[in-house]
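Participant: Have a look at the structure that comes next, please.
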Amino acid sequence: MIVGQDFGDLAYFERFRGLDDPQSPTNSNLYKLLIEAGLHPNPPPMQDRVSGVFLTNSLLCFKTANGMSGSVKASWSRTCTKAHLLPLVNLLKPKVLVALGGPSWESIRRLFGLKIAPEPIMKAAGQHWSAQAMEVFAVGHCGGLGLANRFWELQVEDWRRIGKFLLDNAASK
């Protein structure tokens, strides 16, 4: 299970009819990183029902100002995490949960009480912790701003570690 930040703003939602921009650099980068992890989902924007990858966001509200780069209110994050993300995690029971970027990391760190984990994503990225019978990985966001903070090469290494964990875990069963 991969948890991103948000779906954007209302204008984006309406422009793409509730789907993602088929030319999204973030989605293209995420696809490449999933390949690096040894997972083989269909490329975006095609549906994928085979790889076992489940994508969601920690925030299920629309940003209300400044378009896609608008800020997210902490109260929205707390509400969505408690009302939507936690029930989804409890339903799906993923073996691996990946926090993609700072806002999702903050939500997941708080949700699972990972107090020993570094608070800022820049210090947590590339590491993982056990929580409630799953492994929680923190990774930098693969969009433009995230790549400015955690270079592509480091992100590739992070996702390869996730892939190795998945492979080692599958081999031990």
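The values are calculated or read from the model by the stated rules, or taken from the named source; none is laboratory data. None of these values were measured; they are calculated from a predicted model. Positions of Cβ are backbone-derived with ideal geometry, glycine not excepted, and every protein chain shown enters the neighbour counts. Quick note on the areas: whole protein, heavy atoms, side chains included, nothing else; ligands and nucleic acids left out. Shrake-Rupley method; radii C 1.70, N 1.55, O 1.52, S 1.80 Å.
Participant: Which residues, taken from the range 1-50, are open to solvent by less than 60 Å² (accessible area, probe 1.4 Å), outside any helix (DSSP H, G or I) and of a type in the set (A, V, I, L, M)?
Facilitator: 1, 2, 3, 37, 39
Participant: Give the residue, chosen from 10, 19, 91, that is of a type outside the set (Asp, Glu) and closer than 27 Å to residue 127 by Cα. Walk me through how you get there before you give the answer.
Facilitator: Working: 10 fails: closer than 27 Å to residue 127 by Cα; 19 fails: closer than 27 Å to residue 127 by Cα.
Going through 10, 19, 91 in turn, just one is of a type outside the set (Asp, Glu) and closer than 27 Å to residue 127 by Cα: 91.
Participant: Need pairs with beta-carbon distance below 6 Å; first residue closer than 17 Å to residue 168 by Cβ and within the range 114-139, second aromatic (Phe, Trp, Tyr) and in a strand (DSSP E or B); sequence gap 6+ or separate chains.
Facilitator: Short answer, once both residue conditions are applied: 128/137; 136/129.
Participant: Applying the selection to the range 129-161, what residues are in contact with an Asp or Glu (Cβ under 6 Å, 6 or more places away or on another chain) and open to solvent by 70 Å² or more (accessible area, probe 1.4 Å)? Even if it seems obvious, please write down each step before you answer.
Facilitator: Here is the first cut: in the range 129-161, the ones in contact with an Asp or Glu (Cβ under 6 Å, 6 or more places away or on another chain) are 139, 156, 159-160.
Listed by number, the list holds a single entry, 160.
Participant: Can you spot a residue in the range 91-112 that is among the aromatic types (Phe, Trp, Tyr), assigned to a strand (DSSP E or B), within 13 Å of residue 4 (Cα to Cα) and out of contact with any Leu (no Cβ under 6 Å at 6 or more places or on another chain)? Steps first, answer last, please.
Facilitator: So the first thing to find is which residues in the range 91-112 are among the aromatic types (Phe, Trp, Tyr), and the list is 105, 112.
Narrowing the set further to residues that are assigned to a strand (DSSP E or B) leaves none.
Within the range 91-112, not a single residue is among the aromatic types (Phe, Trp, Tyr), assigned to a strand (DSSP E or B), within 13 Å of residue 4 (Cα to Cα) and out of contact with any Leu (no Cβ under 6 Å at 6 or more places or on another chain).
Participant: Something else about it: Can you say whether residue 164 is under 14 Å from residue 33 (Cα atoms) and surrounded by fewer than 15 Cβ atoms within 10 Å (Cβ to Cβ), as far as the supplied structure shows?
Facilitator: Numbers: under 14 Å from residue 33 (Cα atoms): yes; surrounded by fewer than 15 Cβ atoms within 10 Å (Cβ to Cβ): yes.
Criteria met by residue 164.
Participant: For the range 55-87, give me each residue that is among the aliphatic types (A, V, I, L, M), touching a residue at least 40 places away in the same chain (Cβ under 8 Å) and either open to solvent by less than 40 Å² (accessible area, probe 1.4 Å) or assigned to a helix (DSSP H, G or I) (or both).
Facilitator: Correct list: 59, 68, 85.
Participant: Give 4, 38, 8 a once-over and let me know the one that is of a type in the set (Gly, Ala, Ser), in contact with a Pro (Cβ under 9 Å, 6 or more places away or on another chain) and in contact (Cβ under 8 Å) with a residue 40 or more places away in the chain.
Facilitator: Criteria check complete, one pass: 4.
Participant: Go through the range 88-105 and report how many residues are crowded, with 23+ Cβ neighbours inside 10 Å, in contact with a His (Cβ under 8 Å, 6 or more places away or on another chain) and on the phi < 0 side of the Ramachandran plot.
Facilitator: 1
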